[in-house]
Amino acid sequence: MSASTVLATFVLVALGASGGGLATLTPLPLPFMLGSLIISAAVAMMLPHHLPEGYRFPQSLRLVFIATIGVMIGAQVTPELAALIPSMVVSLAALTVFVGLAHAGNFAIFYHLGGYDRATAFYSGTPGGLMESITMGEEAGANVAVLAMQQFLRIILVITLVPVGLSLWYGAPVGSAGGISFSPARAEQAVLSDLPLVVAVGATGLWIGLKLRLPAGQLTGPLFAAALLGLAGVGAPALPDWLLHVAQIVIGTSLGLRFIGLARSDLTRAIWLGLLSVTAMLTLGTVLALAVHGMTGTPFDVALISFAPGGITEMALVALSLNANPALVSAHHIYRIILTVVEISVLDKIRRRRGDAL
């Protein structure tokens, strides 16, 4: 790696960190990732001539932090979470239907109405698993700039529309707008002593994922390794907040650099397609939430929050403001993300076996 590449990478990550820090002062979701992505995308679109000729963000650095995100997701699968499953059979079954129908509907929207290529439409349409979709989409040849933008728009629109809609319904603010904070106990307890376990699980999962050639093995390997460790009762590693912030900054910065050459018309198209997609998913979620409410007695608003394909943290904030069980809501969203990863992994494996193109 040349000195100019090292210097450019350092400057870009520093700029990304500043963007992430500024984004924490706004209502943006995933502020460190989205803030760093916005800054690096601005550099890529407006100042590409200031980058070294032929510059590419170091993939080895990106790989390490993708594995970190995998460990983070897998660490949320605990015996306590698994113990909640029997009480959620109906809602999880409905959520399984939601993932399949939402993904199929989104693919139709992005492919037939948006004119995206099949790979970009397929991975842009996943109703969860932002990082997993981007990683697998990149491997499948999707347009990563468009894919990343579409996935971020999904989260932004959902966590904006759902709290606003519920606030209008209740006549009072809910979610983060209600002044409630949500900090997982595992994150609060995370200390430097957890880092060796994080490294060990991440490295082992990364090796297994790449060795077995799992789809997006750099992410799914560490994810499943951490999940298995937690379910075995050993205790999955708790990641310090600062490590997750750094991971988001590095990944967001690397994603933003994919926006080189992206036209304004692409952004306009992504916004209206995102609105159409999110409206369709929330409509589907409303129908299924009503069905779950009728069959189990689960409050409709809690069921709706559990089906809304937004961020886990923000949906848990909304649940807290409704005096609902945030663990129950989070369990549904973790299941949605894992189910989405499994679904696209299986479909990708079938596609590769048949030699088909997305």
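The values are calculated or read from the model by the stated rules, or taken from the named source; none is laboratory data. All values derive from a computational prediction rather than experimental measurement. A quick note on method: Cβ atoms are made from the backbone with ideal geometry, for glycine too, and the neighbour counts reach across all protein chains shown.
The single residue among 330, 306 that is in a helix (DSSP H, G or I) and modelled with pLDDT under 85 turns out to be 330. Picking from residues in region 195-233 that are hydrophobic (A, V, I, L, M, F, W, C) and in a loop (DSSP other than H, G, I, E, B), the one that is farthest from residue 139 (Cα to Cα) is 232.
Note on region 151-172: residues that are touching a residue at least 40 places away in the same chain (Cβ under 8 Å) and either at positive phi or touching a Phe, Trp or Tyr at 6+ places or on another chain (Cβ under 7 Å) (or both) amount to 0. Restricting to region 89-105, name every residue that is touching a residue at least 40 places away in the same chain (Cβ under 8 Å) and either farther than 30 Å from residue 202 by Cα or hydroxyl-bearing (Ser, Thr, Tyr) (or both). Correct list: 90, 91, 94, 96, 97, 98, 101, 102, 105. Just one residue in the set 108, 82 is without any contact (Cβ under 8 Å) to a residue 24 or more places away in the chain and either assigned to a helix (DSSP H, G or I) or not aromatic (Phe, Trp, Tyr) (or both); that residue is 108. Across region 144-154, the qualifying residues are those that are aliphatic (A, V, I, L, M) and crowded, with 21+ Cβ neighbours inside 10 Å, and the one among them that is nearest to the chain's Cα centre (by Cα) is 148.
Answer with yes or no whether residue 260 is among the β-branched types (Val, Ile, Thr), modelled with pLDDT under 90, in contact with a helix residue (DSSP H, G or I) (Cβ under 7 Å, 6 or more places away or on another chain) and surrounded by fewer than 18 Cβ atoms within 10 Å (Cβ to Cβ). Break it down stepwise before answering.
Numbers: among the β-branched types (Val, Ile, Thr): yes; modelled with pLDDT under 90: yes; in contact with a helix residue (DSSP H, G or I) (Cβ under 7 Å, 6 or more places away or on another chain): yes; surrounded by fewer than 18 Cβ atoms within 10 Å (Cβ to Cβ): yes.
Judged against the criteria, residue 260 is a match.
Counting the residues of region 67-79 that are in a helix (DSSP H, G or I) and surrounded by 14 or more Cβ atoms within 10 Å (Cβ to Cβ) gives 8.
Has region 277-292 got any residue that is of a type in the set (Ser, Thr, Tyr), in contact with a helix residue (DSSP H, G or I) (Cβ under 9 Å, 6 or more places away or on another chain), surrounded by fewer than 19 Cβ atoms within 10 Å (Cβ to Cβ) and closer than 27 Å to residue 153 by Cα? Checking region 277-292: at least one residue is of a type in the set (Ser, Thr, Tyr), in contact with a helix residue (DSSP H, G or I) (Cβ under 9 Å, 6 or more places away or on another chain), surrounded by fewer than 19 Cβ atoms within 10 Å (Cβ to Cβ) and closer than 27 Å to residue 153 by Cα.
Confirm whether residue 203 is surrounded by fewer than 17 Cβ atoms within 10 Å (Cβ to Cβ), over 26 Å from residue 15 (Cβ atoms) and at pLDDT 85 or above.
Values: surrounded by fewer than 17 Cβ atoms within 10 Å (Cβ to Cβ): yes; over 26 Å from residue 15 (Cβ atoms): yes; at pLDDT 85 or above: yes.
Yes: the conditions hold for residue 203.
The number of residues in region 23-56 being assigned to a loop (DSSP other than H, G, I, E, B) and under 25 Å from residue 243 (Cβ atoms) comes to 8.
Only one entry in 171, 178, 141, 221 is surrounded by 21 or more Cβ atoms within 10 Å (Cβ to Cβ) and either at pLDDT below 75 or within 20 Å of the chain's Cα centre (by Cα) (or both), namely 221.
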